[in-house]
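The block underneath contains the structure these notes are about, expressed in structure tokens.
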Amino acid sequence: DGGGSSASDAAMTAASDLLGDVQVSHKQLTDALTLQPIVFRPLGELFDTAFAPPDDAQKAHDRLVHHVHYFQTNYLALVGLSMLLYAYIYAQFGIFLAVAGVCAGAHHATRDTAIKVGEHVLTRTQKRLLFGGVVGVTLLVTQALLYAVWCVAFPVLIIVAHATFKKRDARKRLTVLYNQKMASKPKRKSE
């Protein structure tokens, strides 16, 4: 299939441009994009080893790939939790903004101050509509900013920082792999 290999080559080129000096093989990229079984790791395991900056870019890359694979369900739960937190915060903040905006708009619209648009002086109804629009746009912009911070930037920053700075614990990983293998092994019947 010629189209698949050209798409694969394009993905490899894009990945190597993005990663710069870090060497990534086709197998590593394919492994990174392969979904793993859904396993929620215990929180104690998530924070059980020391955190330290990696020695070089390759080690940072290795840690990032390893931890994203290993803790992917925990990281997905973090994103979901941040979305729930966002919904709660925005519901409270949105109500406050709506009430404050309506109060400010009503106060300004009932004042005797004239608002001119060109040669036209706005009536009270037009002022209320104008300030209602300003409140609506303010709510939309606030919602977009909160969404960007809480649901995108915040979880991604925490995930990348955790996955990059968490040291790998090889002994614990080997123990987990051994226990998984032993659990999947058929048991012998006692005679």
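The values are calculated or read from the model by the stated rules, or taken from the named source; none is laboratory data. All of these numbers come straight from a predicted model, not from anything done at the bench. For neighbour counting, all protein chains shown are included, and Cβ atoms are generated from backbone atoms with ideal geometry for every residue, glycine included. Each accessible area value is taken on the protein alone, full model and side chains, heavy atoms only, with ligands, DNA and RNA left out. Shrake-Rupley method; radii C 1.70, N 1.55, O 1.52, S 1.80 Å.
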Completion exercise
From highest to lowest solvent-accessible area (probe 1.4 Å; ligands, DNA and RNA excluded), Arg111, Arg124 read Arg124, Arg111
Problem - Total formal charge among the other residues, if their Cβ is under 13 angstrom from that of Ala104, Lys/Arg +1 and Asp/Glu -1 - result: +3
Practice task
Quick one: order Lys185, Lys167 from most to least accessible surface, probe 1.4 Å.
Solution key: Lys185, Lys167
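In what order, largest first, do Phe165, Phe47 sit by accessible area if the probe radius is 1.4 Å?
Phe47, Phe165
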Exercise for the section: Classify segment 34-73 as rounded, prolate or oblate, taking a ≥ b ≥ c as the square roots of the eigenvalues of its Cα gyration tensor: rounded when a/c is under 1.5, otherwise prolate if a/b is larger than b/c and oblate if not. Expected result: oblate
Completion exercise
Under a 1.4 Å probe, counting only protein heavy atoms, Asp56 has an accessible area in Å², nearest 10, of 90
